[in-house]
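Structure record follows, encoded as structure tokens.
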Amino acid sequence: MALRSFGKDPETNGDHCPTVWLDEEKQELVFQGWKADEALQAQCLATGAIPDTEAVVRLPARMAQQIREALDAADGTAVR
């Protein structure tokens, strides 16, 4: 797997923080985020089940730029 990093949450100290990657081979975005608490999971479950192979994570909206850059790279529109 070739992971390309697009950055960590700019407002954290660099340890244990949300991060965005692109798996360039599979063309999938990979996220590290904060685990959802029970209340958020309950709200998410209102729209459907969460399989054991999936998880609900939180990412701060301030990471929009890193997410946009990863999306552009995934669909080939990124400027290199």
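The values are calculated or read from the model by the stated rules, or taken from the named source; none is laboratory data. Just so you know, these numbers come straight off a predicted model, no measurement behind them. Methodologically, a virtual Cβ is constructed for each residue, glycine included, from the backbone with ideal geometry; neighbour enumeration extends over all protein chains shown. For the accessible areas, the whole protein counts, side chains as well, though only heavy atoms, and no ligand, DNA or RNA atoms are used. Shrake-Rupley method; radii C 1.70, N 1.55, O 1.52, S 1.80 Å.
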Dipole check, the chain, charges on Cβ (K,R +1; D,E -1), about Cα centroid: among THR53, ALA39, HIS16 the Cα furthest to the positive pole belongs to HIS16
A 1.4 Å probe over the protein heavy atoms gives the chain a carbon and sulfur accessible-area percentage of 50
